[in-house]
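This report refers to the structure that appears directly beneath it.
Computed from the coordinates by the stated procedures, all read-outs in this text should not be read as laboratory data. Fair warning: this is a prediction, and the values are worked out from it, not measured in the lab. When we count neighbours, we look across all protein chains shown, and the Cβ atoms used for this are built from the backbone with ideal geometry, even at glycine.
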């Protein structure tokens, strides 16, 4: 009976994931996808910075100062979400693919990251 209870508790227990470490990620490449036509456009000169600090995501661009975007939540190992973004990291957090999906635009970004 004790063994059955222990197994039941393990199955019902919520999975605990680690938070994303403190990082600064720089966009290397961006592809915009029009959700209505699936036409793509590659942006050549992207300089968006993604800063992760204490479980929050901060964004900045050359024409906009840094602002808090949203809280970051882990969905499964190496996959996080923040607002309209899905953040896929390599196991060592040195590279990632970020996908922003909204009604008028899908933005797919390849990033390079460093721990802070």
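Brief remarks on what is shown
- This structure gives Rg/Rh (Cα atoms, Kirkwood Rh), computed directly, and of (i) 0.99; (ii) 1.42; (iii) 1.11 that value is listed as (iii).
- As a proxy for reagent exposure, ranking 69, 50, 102 by other Cβ atoms within 10 Å from fewest up yields 102, 69, 50.
- Two-site FRET efficiency, residue 26 against residue 75, from Cβ-Cβ distance with R₀ of 22 Å, rounded to 0.05: 0.40
- Among 82, 112, 60, the ranking by other beta carbons within 10 Å of each residue's beta carbon, starting with the fewest, stands as 112, 60, 82.
- C-alpha long axis of helix 2-12 to longest principal axis of the chain, angle in °: 20 degrees
- Ranked list, fewest to most other Cβ atoms within 10 Å of each Cβ, for 88, 23: 88, 23
- Computed FRET value (nearest 0.05) for residue 40 with residue 68, which takes r as the C-beta separation and R₀ as 25 Å: 0.25
- Label-to-label distance for residue 103 and residue 56 is 2.8 nm, based on points extended 7 Å past Cα in the beta-carbon direction.
- With contributions of -39500 (n - 2.57) from each DSSP H run of at least four residues, the per-residue ellipticity at 222 nm computed over the chain stands at -3000 deg cm²/dmol.
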